[in-house]
1. Mind sorting 199, 149 by how few other Cβ atoms lie within 10 Å of their own Cβ, fewest first?
2. Using label points projected 7 Å from each Cα along Cα→Cβ, tell me how many nm separate residue 87 and residue 57, to one decimal.
3. Take 94, 187 and order them by how many other Cβ atoms sit within 10 Å, fewest up front.
4. If you rank 195, 206 by fewest surrounding Cβ atoms within 10 Å, what's the result?
5. Residue separation times 0.36 nm, minus the C-alpha to C-alpha distance between residue 188 and residue 94: what's the value?
6. Please give the calculated 222 nm ellipticity per residue for the chain, where each DSSP H segment of at least 4 residues contributes -39500 (n - 2.57) and the sum is spread over every residue; nearest 500 deg cm²/dmol?
7. Looking at (1) 19.5; (2) 20.4; (3) 17.6, which value of Kirkwood radius over Cα pairs in Å comes from a calculation on the structure shown?
8. Once you've got the GNM for the chain with C-alpha springs shorter than 10 Å, pick whichever of 101, 144, 109 has the biggest mean-square fluctuation.
């Protein structure tokens with residue numbers, strides 16, 4: 001028996017198919033990374049050791065630590081024979097990241113040798129609230145620099161940002177084997193200003209994967225006039 005389809009019914013059948021063939025909307029453009037800033041050289045007007053309980057207390061801070069893991073993730077678009085990518089978890093550099101469940105550690109514990117060695121990475125986080133004064137030093141208007149030396153490499157996020165630029169010095173990124181990261185965290189300090197810092201520390205050289213621990217050699221906040 002022959003069954004005919006009316007024009008409206010044909011249209012109803014075709015529209016969903018046509019809609020399914022429409023290209024997916026483009027992904028939103030990634031927000032460009034902020035331009036990196038180079039910290040001043042020379043002696044600071046004031047410096048606070050963040051590897052001491054007194055130094056951390058000056059900013060009402062609390063160090064927390066959690067190891068990072070390398071996990072499998074979907075590949076990029078049109079990756080051909082590559083069916084997987086690799087990512088880092090947790091994404092602890094994000095400004096909205098909640099680290100309240102992480103173990104709190106004493107400031108002096110930054111010097112503790114941790115990790116099983118090999119390709120090992122770990123996160124440290126702290127939020128610093130700028131006081132009006134530190135002893136006799138007036139912080140208002142000063143340029144603040146977060147200075148660390150991590151054994152062996154480090155990346156430093158500030159307020160959810162990882163400033164960087166192609167072909168330019170980018171102090172927030174790996175600077176070299178046991179070399180200082182000197183990161184501008186405030187161009188002009190305002191008392192009460194909160195600065196969120198997340199450090200990804202890693203063992204290195206990565207291609208050698210030595211059976212060494214990782215640790216902070218130095219961590220301080222420097223103020224320049």
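1. Numbers: 199 26, 149 16.
Neighbour counts put them in this order, fewest first: 149, 199.
2. Distance between label points: 4.1 nm.
3. On the way: 94 13, 187 10.
So the residues, fewest neighbours to most, are 187, 94.
4. Numbers: 195 19, 206 15.
Lowest to highest Cβ neighbour count: 206, 195.
5. Details: separation 94, 0.36 × 94 = 33.84 nm, distance 2.29 nm.
Here the answer is 31.6 nm.
6. Numbers: 2 runs with 19 residues, N = 225.
One gets -2500 deg cm²/dmol as the mean residue ellipticity at 222 nm.
7. (2)
8. 101
FYI, it's all coordinate maths here, none of it is from the lab. As the structure is a computational prediction, the values presented were derived from the model and not from experiment. Cβ atoms come from the backbone with ideal geometry, glycine included; neighbour counts cover every protein chain shown.
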